[in-house]
Amino acid sequence: MRKTLDSNLLDPKYLEESLGSFHNATGLHIEAINKDGVTFSVPGNFERSEFCRYIRCQSEGEKKCQDSYKRASVEAAKWEEPYFFRCHAGLVIWAVPIMIQGISVGSIICGQVLMWEPDHFFFQELENLNAGVEDIEKLKIKARKLEVISPARSQAAADMLFVVVNHVLRRNINSLDEIDATRVQQQAIRQEIEERKRNHSPDLSDYDTYLKKERKFLRYIRLGDRTRANQTLQSLLTDLYTKTVGDLETVKVRILELATLTSRAAVEGGANAERIMMLLKEFNKEIEGIERVEKFFYKIQSIVETFLEGIFTLANKKHLAIVKQARDFIMENYAQSLTVTNVARHLFISPSHLSRLFREELDCTINDYLTRVRVEQAVEIMKKPEFSVAQVSKAVGFQNQSYFAKVFRKYIGVTPLIYKNSLY
């Protein structure tokens, strides 16, 4: 009797569809087994070969086949790759492990073939392996009907099957990750709402507070400040959830708007414009059929993380730690009279080496990044009416107000005074 696989571990329908496509492409018999060697899926209910069906109907035949499959599954899981073996009846079979989070839950069994034309020695061995079979001559007739494939073809089929199985597993893991992320999102919103209640924080009467927080979030995006960007995004989503009372259409409009603004901020921060626009287009398609607020939130968090990776593309860079430390040091000390030497001394490396890393990894100079940080901080401070332009200039590390005005205009498009007056 077949047993099903726990649907919480793997999507049986998608697995069967994928295995069915493999069978149709190769013509090879295939079946999925659990870790005990018991078959739980035969794509399209394709029958086993006559040889296998006859072996299984013998006394203890079913159990012997399961034991063979179980041993093969253990070996495949041990090496985490296709494992070739001969079953107890003499056929060539290979097992591809199904590994979920490092744990074996079974294998995909394929083959039940021969790698050479049956000859005298083969039939002699067949008799020895199957001494308990009722009619050995009948078994020999069925053996002559088995498909004979070359070692090269069998290896290619095993490699292809390995790719198929890993695709199914990656798809399943992504789905589980999404479910977990959605649960985390729900919990984070509940916790923040409770925290606001405990602190007697005022409710949002309009979008004023939300938009101010949104501007701060976009500033962090432009600076590539992943930690602060994610923290502010979480707070933004909580604001959006409480303000809209979970209304799906309103949330969708705001999320689309936020994704567009974030994409532009990422490009301003140095990300590749073509790639960012392509990602935004895919994002807009993905959220079309969403019917849950939490799913919207999960999607916007995912795309924001992708945008952030695109700004400085640090994920696979070997000098990630050094560059990140330098960037953090600048973020914390931008108001001081910083130089490349100051930053390099803090990291115990030479200024020339640090400068080269910045150009290689971030595609900008240290001074470029420092200036960008100072301008972004100046924009934030200018929201406070008690600070004059001269005070803002000094607060962010510019000693020369004229130079500050020149740099500010280059980045923002207007002079500091015009920008400040536009806020009130």
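The values are calculated or read from the model by the stated rules, or taken from the named source; none is laboratory data. Everything quoted here is computed from the prediction, not taken from an experiment. A quick note on method: Cβ atoms are made from the backbone with ideal geometry, for glycine too, and the neighbour counts reach across all protein chains shown. Just so you know, the surface numbers come from the protein's heavy atoms only, side chains and all, with ligands and any DNA or RNA stripped out. Shrake-Rupley method; radii C 1.70, N 1.55, O 1.52, S 1.80 Å.
Can you give me the accessible area per residue for region 209-365, using a 1.4 Å probe, in Å²? Per residue, region 209-365 has an accessible area of 50 Å².
If you sort the three axes of the alpha carbon gyration tensor as a ≥ b ≥ c, you get a/c of 1.5 or more for region 215-314 and a/b no higher than b/c, which makes it oblate.
Between residue 208 and residue 47, what FRET efficiency follows from the Cβ-Cβ distance if R0 is 41 Å, with the result rounded to 0.05?
Numbers: r = 69 Å, r/R0 = 1.69.
Using R0 = 41 Å, I get an efficiency of 0.05.
Going by the alpha-carbon gyration tensor, a ≥ b ≥ c the square roots of its eigenvalues, is region 309-411 rounded (a/c under 1.5) or, if a/c is not under 1.5, prolate (a/b greater than b/c) versus oblate? Walk me through the numbers before you get to the answer.
Working: a/c = 2.36, a/b = 1.88, b/c = 1.25.
The shape class here is prolate.
Rank 340, 304, 279 by how far each Cα sits towards the positive end of the charge dipole of region 275-368 (+1 on Lys, Arg Cβ; -1 on Asp, Glu Cβ) and give me just the farthest. Result: 340. Using θ = phi - 60° in the Karplus curve 6.51 cos²θ - 1.76 cosθ + 1.60, the 3J(HN,Hα) couplings for region 23-29 round to 4, 5, 7, 10, x, 8, 5 Hz; x is entered for Gly and Pro. Label-to-label distance for residue 253 and residue 403 is 4.7 nm, based on points extended 7 Å past Cα in the beta-carbon direction.
Amide hydrogen proximity for residue 30: with H placed 1.01 Å from N in the peptide plane, no residue at 5 or more positions away or on another chain lies under 5 Å. Using a ≥ b ≥ c from the Cα gyration tensor of region 44-91 (square roots of the eigenvalues), is it rounded, prolate or oblate, where a/c under 1.5 gives rounded and otherwise the larger of a/b and b/c decides, a/b for prolate? Prolate shape, in that a/c is at least 1.5 and a/b is the bigger ratio. Computed from point charges on the beta carbon alone (+1 for Lys and Arg, -1 for Asp and Glu), the dipole magnitude for region 346-409 about its Cα centre is near 260 Debye.
Please state the charge dipole magnitude for region 305-420, taken about the Cα centre, from unit charges on C-beta atoms (+1 on K and R, -1 on D and E), reported in debye and rounded to the nearest 20.
Values: 16 positive and 11 negative charges, 72 e Å.
It comes to approximately 340 debye.
Counting only C-alpha contacts under 8 Å and six or more residues apart, can you give the relative contact order of region 54-99 as a whole percent? Before the final figure, lay out each step's value.
Details: 51 pairs, mean separation 14.9, N = 46.
Taking the mean separation of contacting Cα pairs over the length of region 54-99, I get 32 percent.
Mind giving me the FRET efficiency for residue 410 and residue 364? R0 is 22 Å, r the Cβ-Cβ distance, nearest 0.05 is fine. If you can, show how the numbers build up before the last one.
Numbers: r = 14 Å, r/R0 = 0.65.
E(calc), rounded to 0.05, equals 0.95.
Remark: the residue 325-residue 274 segment gains 15.5 nm on full extension, using 0.36 nm per residue and subtracting the alpha carbon distance.
Can you give the FRET efficiency to the nearest 0.05 for residue 345 and residue 384, using r as the Cβ-Cβ distance and R₀ = 30 Å? List each step's numbers first, then the result.
Working: r = 33 Å, r/R0 = 1.10.
Result of the calculation: an efficiency of 0.35.
Taking every C-alpha pair closer than 8 Å and separated by at least 6 residues, the mean separation divided by the residue count of region 231-360 gives a relative contact order of 21 percent. Amide H to amide H distances under 5 Å link residue 113 with 92, where only residues 5 or more positions off or on other chains count and H is placed in the peptide plane.
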